[in-house]
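Encoded as structure tokens, the structure appears first; notes follow it.
The values are calculated or read from the model by the stated rules, or taken from the named source; none is laboratory data. Because the structure is predicted, anything quoted here is derived from the model rather than measured. Don't worry about glycine lacking a Cβ; one is built from the backbone with ideal geometry, like all the others, and counts go over all protein chains shown. What goes into the accessible areas is simple: the full protein's heavy atoms, side chains included, and nothing from ligands, DNA or RNA. Shrake-Rupley method; radii C 1.70, N 1.55, O 1.52, S 1.80 Å.
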Amino acid sequence: MFDSLMSQVSFVEVFNFCVFITFTICYTYQLFYVLVVLTRKAPRHVAKRNHRYAVMVAARNESAVIADLIHSIKVQNYPAELIDVFVIADNCTDDTAEVAREAGAIVFPRSNDKLVGKGYALDYGFKAIREQYGERGYEAYFVFDADNVLDVNYFREMNATFDSGAKASTSYRNSKNYGSNWISAGYAVWFLREAKFLNQARLTLNTSCAVSGTGFFIAADILEEAGGWKWHLLTEDIEFSASSIAAGTRIAYCPTAILYDEQPITFRDSWNQRFRWAKGFYQVFAHYAGSLVRGIAVNPRGYRFACYDMLMTIAPGMLLSIIAILFNSIIIVLALTGVMSVGQTVASSLSSIFFCLFNYLMFMFVFGVLTTFVEWDSIRSTTAKKIRYMFTFPLFMLTYIPIALIALVKKASWKPIRHSISVDVSEFADAADRERA
């Protein structure tokens, strides 16, 4: 009976079933994360003392926005004498350095067209700080992008996380310009989903989170032990996360420390940025997959699942979808040209392509809707735009498919994203006060 059944199942159906099972086994745990967030409160920490921090900002031609970030740091509900702001003016051709100095930052100009990228700039900044200001005894280093602005309680909340023993921590990443268009909204929802339904769940379950680009701190002893910022792949943040988790260092998350980030608004900028991210993820996977697999087996109890979670984060899962679509498309072409038999094979391949794309779009739509409604009050935009962009979010995510495919074969390099949206953090604070009223 089993042989009879198998004889009726084509190799196409077997292949597509294997792809489906692989996805299910690898990523079902993230649905459990959603349940954790909806049913359990994230732990809170209370600091016993205030610590001393250095802020590093790698900025390239960011004169339009750098002052807003520095101002939002200077007005924190935290002792100002315990925070020093250092701006690495990296290969700038504008007046970023002058604007940053006038705003109250210590500036390190850097000119190096050989070692290009944020990681190299951060390494330069860390070594300059250690050499020139080492006597100030910084206990941790914060990293922000020039276009960020911080909630006034950001350092107070992150200090509580550091005081609890965290060696590194990321924070809640919101957006300055959700309402600009469907592209900026797509980014915003993705980062909110990452903060709420990935990092908050990891925090609650006491596993490790992942640093995502900006808004995080690293303990000084971690950087000292590493000899500086040694992570220089295209996605240096994910590289740091993978390296740390494989080594058994837990990365924390502070959901009450809020950072506002500017998102790209043109498809060209979005394509360039996400293309670099996709290539960077491939690089990190190639370099750290083996270490994470070993960590799953040999790391101490309580640190093994973090390695699996990180491995799934950097694994090129979308490639499975691309491979499935390409495989079934080839089968259809072969069948229609007479190389293979037409009939059940074509029907099976067509249904598989539809199933793959439909499931991906529906999954993203559900996550977009869930994230938007759960984080409704945190999104700075109109009701109409919040509803509209729930429907465009799956389309935004669909554009990752060609990006991921091209990133396999094309070289990527860092390209600047222009930031121009100047926002005083008090605007967000005033809006929050009005909502509470």
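Residues that are without any contact (Cβ under 8 Å) to a residue 24 or more places away in the chain and within 23 Å of E239 (Cβ to Cβ), at least 1 per element: which strands (runs of 3 or more DSSP E) completely within segment 50-150 meet that?
106-110
Exactly one residue out of K176, K167, K127, K196 is in contact with a Gly (Cβ under 6 Å, 6 or more places away or on another chain) and among the charged types (D, E, K, R), and it is K127.
Filter segment 245-257 down to the residues that are open to solvent by less than 10 Å² (accessible area, probe 1.4 Å) and within 22 Å of E157 (Cβ to Cβ) and list them by number.
Residues satisfying the conditions are I251, Y253, C254, A257.
For segment 135-153, filtered to residues that are surrounded by 22 or more Cβ atoms within 10 Å (Cβ to Cβ) and in contact with a Ser or Thr (Cβ under 7 Å, 6 or more places away or on another chain), the residue that is farthest from K48 (Cα to Cα) is N148.
Would you check if Y172 is open to solvent by less than 30 Å² (accessible area, probe 1.4 Å) and either in a loop (DSSP other than H, G, I, E, B) or among the aliphatic types (A, V, I, L, M) (or both)? Taking the combined requirement at face value, the residue does not satisfy it. Reported count of residues in segment 123-166, each being within 18 Å of T249 (Cβ to Cβ) and not aromatic (F, W, Y), is 9. Among the residues making up segment 258-299, those that are surrounded by 21 or more Cβ atoms within 10 Å (Cβ to Cβ) and of a type in the set (D, E) are D261, E262. Within segment 44-67, the set of residues being farther than 18 Å from V85 by Cα and within 23 Å of the chain's Cα centre (by Cα) comprises just one member, R44.
Scan segment 381-415 for residues that are open to solvent by 80 Å² or more (accessible area, probe 1.4 Å) and either modelled with pLDDT under 85 or closer than 15 Å to G186 by Cα (or both) and the total you get is 5.
Evaluation of K41 against the conditions (1) more than 23 Å from G134 (Cβ to Cβ); (2) surrounded by fewer than 19 Cβ atoms within 10 Å (Cβ to Cβ); (3) modelled with pLDDT of 95 or more shows that the sole unmet condition is (3). Give the residue that is nearest to D237 (Cα to Cα), with candidates limited to residues of segment 300-315 that are open to solvent by 40 Å² or more (accessible area, probe 1.4 Å) and of a type outside the set (A, V, I, L, M, F, W, C). Result: T313.
For every residue, the table says whether it meets (1) open to solvent by 20 Å² or more (accessible area, probe 1.4 Å); (2) farther than 21 Å from R52 by Cβ; (3) part of a loop (DSSP other than H, G, I, E, B).
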{"site": "A166", "(1), (2), (3)": "no, no, yes"}
{"site": "S184", "(1), (2), (3)": "no, yes, no"}
{"site": "Y187", "(1), (2), (3)": "no, yes, no"}
{"site": "K196", "(1), (2), (3)": "yes, yes, no"}
{"site": "N199", "(1), (2), (3)": "no, yes, no"}
{"site": "S208", "(1), (2), (3)": "no, yes, yes"}
{"site": "K230", "(1), (2), (3)": "yes, yes, yes"}
{"site": "L234", "(1), (2), (3)": "yes, yes, yes"}
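Quick one: in segment 88-112, of everything that is charged (D, E, K, R) and farther than 21 Å from E131 by Cα, which residue is least open to solvent (accessible area, probe 1.4 Å)? Result: D94. The residues in segment 210-228 that are modelled with pLDDT under 95, more than 25 Å from Q30 (Cβ to Cβ) and not in a helix (DSSP H, G or I) can be counted, and the count is 2.
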